[in-house]
Amino acid sequence: MKNKFTLIGIAAALSFATFAAQSAEVTLKAVSVFAKDSFFDRTFEKFVKKVNAEGKGILQINFIGGPETMPPFEVGNAVRAGVIDLANTTGVFHANLVPEALALSFTSVPMATLRTNGGYELMDKIHREKANMVWLGRETEGLKYHIYTNKKPTNDSFAGMKLRSVPVYRSFFQSLGAAPLQVPPGEVYTALERGVVDGYGWPSVGIFDLGWQEKTKYRIDPGFYNVEVSLFMNQDKFKKLDDKQREFLQKQVAELEGNFAHDIELAAEEKKKLIAGGIEIIDLPPAEAASFVAKADAAAWKAIDQTSPKNAAQLRKLFGGEGK
């Protein structure tokens, strides 16, 4: 009888321990690829603050820093290896691991549609298989990339110009006759100052946060692509979350995705600020503008076809690249 009660006691203790372990608050170690107080960093810091306020006893985020903590192009590998649990980043910076991630910037399909048409599931699956990452969701939608320069393009031509680039628009810049150079955001100001580059690609918001307006004279419109900043998480860590923790995190991401309209308003405000600051907006004539955007799209989806022949057709179908 004594042994029986002992076994019951042990079983009860193990059950309690398991329950306690599943119910314990978990802390995720996070980094951002964007400089502190820049537009995309502020969005993430608000997210972290909200999660930590509402997730006491469930889930917390320990935000350890930005590029000063880890170079942007190393963040993908760090998430894959579990060195960090969560990253405020963009697929652009881990395209070496997941080339298909660039489709997140090429698509004009709303995130709400991607979550219902199978696009989200496909991209998440590819990230899990290739990079041990979970794509939690987007932070931005509706913002465009632009070319900013300190030299006026001759006859609207970029031939021979040195433009700071990242993988997402490298092929496009090459198709324009420009020489793309990969320069981390933290080094762009100096590169402009020293003539290493004549301009750069960047979203329609954020150059004032980085001080780049001091070395910028022109912005070429129209914009192109769909700026993507997302939350990516280490898959092993994600699987260790219990149901309550996972549901809480996904709810927070869903609420983050409900604020996309604010981004477009900020882009309109930024354009006014550029003009007021003496930066000239060069609007390409309608025919040239259409050709400019068409060339960007063609270069984008050609890159997907070449780097991901296995997934290209399905990505085109779900992310809107058919016929491009």
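Key figures for this structure:
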{"quantity": "Charge dipole magnitude, Cβ of K and R +1, D and E -1 - the range 79-177, Cα centre, debye nearest 20", "calculated": "400"}
{"quantity": "Unit charges at the beta carbon, dipole of the chain: most positive-side option, Ile220, Met133, Ala254", "calculated": "Met133"}
{"quantity": "Listed residue (Leu315, Phe238, Phe106) projecting farthest to the positive dipole end of the chain, Cβ model", "calculated": "Phe238"}
{"quantity": "For the chain, diffusion coefficient by Stokes-Einstein and Kirkwood Rh (Cα), 25 °C, 0.890 mPa s, µm²/s", "calculated": "116"}
{"quantity": "Per-pair calculated FRET efficiency, R0 = 45 Å: Glu193 and Glu54 via Cβ, rounded to 0.05", "calculated": "0.55"}
{"quantity": "Fraction in percent of alpha-carbon pairs per bin - 10 Å, the range 23-174", "calculated": "9, 33, 37, 15, 5, 1, 0"}
{"quantity": "The chain: DSSP helices with Cα axial extent of at least 24 Å and average Kyte-Doolittle hydropathy no lower than 0.5", "calculated": "2-23"}
{"quantity": "Nearby lysines by direct alpha-carbon distance to Lys151 (threshold 28 angstrom, same-chain neighbours under 8 apart not counted)", "calculated": "Lys162, Lys215, Lys217, Lys271, Lys272, Lys273, Lys295"}
{"quantity": "Positive-end extreme of charge dipole, the chain - chosen from Ala191, Val83, Phe39 (charges on Cβ)", "calculated": "Val83"}
{"quantity": "Per-residue [θ]222 nm for the chain (sum of -39500 (n - 2.57) over DSSP H runs n ≥ 4, rounded to 500)", "calculated": "-14500 deg cm²/dmol"}
{"quantity": "Accessible-area value, Met161, 1.4 Å probe, nucleic acids and ligands omitted, Å²", "calculated": "20"}
{"quantity": "Reachable lysines from Lys130, criterion Cα separation under 18 angstrom, eight or more residues apart if same chain", "calculated": "Lys237, Lys239, Lys310"}
{"quantity": "Computed magnitude of the charge dipole of the chain (debye, nearest 20; Cβ of K, R +1, Cβ of D, E -1)", "calculated": "780"}
{"quantity": "By accessible area with a 1.4 Å probe, ligands and nucleic acids excluded, highest first: order of Val83, Val33", "calculated": "Val83, Val33"}
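The values are calculated or read from the model by the stated rules, or taken from the named source; none is laboratory data. Fair warning: this is a prediction, and the values are worked out from it, not measured in the lab. Virtual Cβ from ideal backbone geometry, glycine too; neighbours counted across all protein chains shown. Each accessible area value is taken on the protein alone, full model and side chains, heavy atoms only, with ligands, DNA and RNA left out. Shrake-Rupley method; radii C 1.70, N 1.55, O 1.52, S 1.80 Å.
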